[in-house]
Amino acid sequence: MIQTAASSRSAPERYRAVTRHTIHRTPQWEAMDPELREAVEIVSHVLPFRVNSYVVNHLIDWDRVPDDPIFQLTFPQRAMLDDDDFNRVADLVRGQADRDEIKAVVNEIRMGLNPHPAGQMTHNVPELNGRRLEGMQHKYRETLLFFPARGQTCHAYCTYCFRWAQFVGMPEIKFEARESEDLVAYLKAHPEITDVLVTGGDPMIMKTKLLREYLAPLLSEEMEHLKTIRIGTKSPAYWPQRFVTDDDADDALRFFEDVVRSGKHLAIMGHFSHPVEIRTEMARKALRRIRSTGAEVRMQAPLIRHVNDNVEAWTDLWREGVRQGLIPYYMFVERDTGAKNYFEIPLARGLEIYQEAFRQLSGLCRTVRGPSMSAHPGKVRILGTAEVHGEKVFVLDLLQARNPDWVGRPFFARFDPEATWVNHLEPALGRDRFFFQDELDELTVSAAGALPVVNA
Ligand SMILES: *Cc1c(COP(=O)(O)O)cnc(C)c1O
Ligand code: SF4
């Protein structure tokens, strides 16, 4: 049984988003360097900006601003835009241009920042009786991604993330019973699916009642082939009160218990960027309560320059995580989107950080896999570097693939110290294509924009 949080409820802090329009009310803002403040005001017209009192008061160390990792993660920075773009917006804002004029320029700049990488929103959309199911993605045979319409925002925004962009400015989207019905119907038609991964945005932004409406139907007997429900979330990092003092915190935990009792594995796929996020009293409490329901918490995050591009951040994160019973899962390389030049790290450097961290850890932390790129063929992992017949190469493999037969077959790319993404890599050792490329081309053509379920 879950202990209720009633005793700690004397005056629970209520969630309220802090944005460009309200940030000036926080005391830390007053104390900030005026130049930094102006940069935030201007860049936040283009890039996402949302924090909350918990992030501001408990995660950011204001003595270390602007270098503080969580400040870098959540507050837009001057150098995230190039000079031309920055100045265009700055001139309009300083000249008090009208909203439509600013909006037009901002949209243009956003388009140039590649807001929808790798055809994410148009590829892999499954169909049911000839109808496209827009809130789902089925790329890997056994796993279905589900994006509930009402889970498309987060308790705070990561500045490198463009996932939220398509929803900004849209009117409040209503819960549609149909979404949930479609999910159930699709799963019934696809017994090869063992895992549903509920993602967003952040699905834990939803009230428990809504989460239940979406997910309770997955617990029925007809869903026997479904073994695992995963919830991708950054809420234990950005708003752990969701599991401790929010009105429906206890109810959320009760629902987690229901899932576990139904015989399925419930995995909270926690997005943790930095050890500070799991060290606060509130975060520890949230994680302890989640785990007390029988759910497991796994840890995953991208490697981000200015935030966690050092060995210590990762060893601390994984060690502290494992101490609290969390399971290290993936380290990602940031995909090609947003203010990428600001955040990106050469693959060679990412590999170095990963390996140096990995080597310092005990076996229980070595459940992590990376550095991994979610790309067109699948999740491409850099295994290491090697020298073969005098040629320096990256050794890679696929952790997930459009065709499961591709998984776990090492392949080689020419070593390139500057490459930051898989499309910069060239086959090595005299080959001119990677082993999966011909088949991938065929799959892509036959898909004609929609998705074939590989081997279905
Ligand atoms: C990562 C990912 C999954 C889940 O893959 P696992 O290796 O099982 O964690 C599912 N779908 C997509 C599109 C993904 O990128
Ligand atoms: S929590 Fe996840 S979805 Fe939300 S802004 Fe950060 S990376 Fe994007």
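Which Cα, out of Pro377, Gly263, Leu351, lies furthest along the positive dipole direction of the chain (beta carbon charges, K/R +1, D/E -1)?
Gly263
Where the only charges are on Cβ atoms (+1 Lys, Arg; -1 Asp, Glu), what is the dipole of the stretch 14-111 about its Cα centre, to the nearest 20 debye?
Value, rounded to 20: 640 debye.
Tell me the label-point distance for the pair His389, Lys207, using the 7 Å Cα-to-Cβ offset, in nm and rounded to one decimal.
Distance between label points: 6.6 nm.
Where in the stretch 376-407 does the label zone of Glu426 land, with the point 7 angstrom along Cα→C-beta and an amide N cut-off under 13 Å?
Hits in the stretch 376-407 for Glu426 at 13 Å: 392.
Would you check the accessible area of Cys158, probe 1.4 Å, heavy atoms only, in square angstrom rounded to 10?
Its heavy atoms expose roughly 10 Å² to the probe.
Could you let me know the centre-to-centre spacing of the stretch 181-195 and the stretch 202-244, using Cα atoms, in angstrom?
Using only Cα atoms to place each centre, the spacing works out to 17 Å.
Which residues' amide hydrogens lie under 5 Å from the amide hydrogen of Lys139, considering only partners 5 or more residues apart or on another chain, with H built in the peptide plane?
Leu145
Would you kindly derive the ³J(HN,Hα) couplings of the stretch 427-436 from the backbone phi angles with the Karplus curve 6.51 cos²θ - 1.76 cosθ + 1.60 (θ = phi - 60°), listing them in order in whole Hz, with x for Gly and Pro?
x, 10, 6, x, 8, 10, 9, 6, 4, 9
Based on DSSP H runs of at least 4 residues, each adding -39500 (n - 2.57), what is the mean residue ellipticity at 222 nm of the chain after dividing by all its residues, to the nearest 500 deg cm²/dmol?
Helices in the chain give a 222 nm mean residue ellipticity of -9000 deg cm²/dmol.
Using label points projected 7 Å from each Cα along Cα→Cβ, tell me how many nm separate Ser292 and Asp67, to one decimal.
My value for the distance between the label points is 4.0 nm.
On the accessible surface of the chain, probed at 1.4 Å, how many percent belong to carbon and sulfur atoms?
48 percent
Between the stretch 286-340 and the stretch 263-284, how far is it from one alpha carbon centroid to the other, in angstrom?
Each part's Cα centre sits 8 Å from the other's.
Which value, in debye to the nearest 20, gives the size of the charge dipole of the chain about its Cα centre, when Lys and Arg are +1 and Asp and Glu are -1 at the Cβ?
My answer is approximately 1320 debye.
Using the heavy atoms of the protein chains and a 1.4 angstrom probe, tell me the accessible area per residue for the stretch 14-111 in square angstrom.
53 Å²
Which ³J(HN,Hα) values, rounded to whole Hz and listed in residue order, are derived for the stretch 154-160 from phi using the Karplus coefficients 6.51, -1.76 and 1.60 in 6.51 cos²θ - 1.76 cosθ + 1.60 with θ = phi - 60°, glycine and proline given as x?
Once θ is set to phi - 60°, the couplings for the stretch 154-160 become 9, 5, 8, 10, 7, 5, 7 Hz.
Between Leu398 and residues 5 or more places away or on another chain, which pairs have amide H atoms under 5 Å apart, with H built 1.01 Å from N, and which residues are they?
Amide H neighbours of Leu398: Arg381, Gly408, Arg409.
Please report how far the C-alpha centroid of the stretch 423-445 lies from that of the stretch 39-53, rounded to the nearest whole angstrom.
Cα centroid of the stretch 423-445 versus Cα centroid of the stretch 39-53: 40 Å apart.
Calculate the translational D of the chain in whole µm² s⁻¹ from Stokes-Einstein, where the hydrodynamic radius comes from the Kirkwood formula applied to all Cα pairs, the temperature is 20 °C and the viscosity 1.002 mPa s.
Rounded, D is 92 µm²/s.
Just to verify a number: FRET efficiency for Arg261 and Asp98, C-beta to C-beta distance, R0 = 60 Å, to 0.05?
Using R0 = 60 Å, I get an efficiency of 0.60.
So if each residue of separation counts as 0.36 nm, and I subtract the Cα-Cα distance between Asp91 and His24, what length gain in nm does that give?
Taking 0.36 nm per residue and subtracting the Cα distance, the gain is 22.0 nm.
Across the stretch 200-214, in residue order, what do the Karplus-derived ³J(HN,Hα) couplings come to in whole Hz, using 6.51 cos²θ - 1.76 cosθ + 1.60 with θ = phi - 60° and x for Gly and Pro?
Values, residue by residue: x, x, 9, x, 6, 6, 6, 5, 4, 4, 6, 4, 5, 4, 5 Hz.
For the chain, with the dipole built from +1 on Lys and Arg beta-carbon atoms and -1 on Asp and Glu ones, taken about the Cα centre, which of Trp318, Phe71, Ala286 lies farthest toward the positive end?
Going by the Cα projections, it comes out as Ala286.
Viscosity 0.890 mPa s, temperature 25 °C: give me the Stokes-Einstein translational D for the stretch 220-340 in µm²/s, with Rh taken as the Kirkwood radius over C-alpha pairs.
Answer from the Stokes-Einstein relation: 161 µm²/s.
Towards the positive end of the charge dipole of the stretch 47-155, with charges on Cβ (+1 Lys, Arg; -1 Asp, Glu), say which of Val105, Asn57, Tyr140 has the farthest Cα.
Towards the positive end, the residue furthest out is Tyr140.
Which links in Lys103/Lys234; Lys207/Lys285; Lys188/Lys379; Lys209/Lys264 stretch past 22 Å when you go from one Cα to the other?
Listed pairs above 22 Å: Lys103/Lys234; Lys188/Lys379.
What residues qualify as long-range amide H neighbours of Gly370, i.e. H under 5 Å apart, gap of 5 or more or another chain, H built at 1.01 Å from N?
Amide H neighbours of Gly370: Met331.
Extension gain Arg433-Ala11, at 0.36 nm per residue separation less the Cα-Cα distance, in nm?
Roughly 145.8 nm would be gained on extension.
So if we plug the beta-carbon distance of Asp251 and Leu128 into 1/(1 + (r/R0)^6) with R0 = 35 Å, what FRET efficiency do we get, rounded to 0.05?
Efficiency computed from Cβ-Cβ geometry: 0.65.
How long is the gain from Asp82 to Arg37 if the chain were fully straight, where each residue apart is worth 0.36 nm and the alpha carbon distance is subtracted?
14.4 nm
The values are calculated or read from the model by the stated rules, or taken from the named source; none is laboratory data. Note that the coordinates shown come from a computational prediction; the quantities given were computed from them, not determined experimentally. We place every Cβ from the backbone using ideal geometry, glycine too, and count neighbours over all the protein chains shown. Keep in mind that these areas ignore ligands, DNA and RNA; they rest on the heavy atoms of the full protein, side chains included. Shrake-Rupley method; radii C 1.70, N 1.55, O 1.52, S 1.80 Å.
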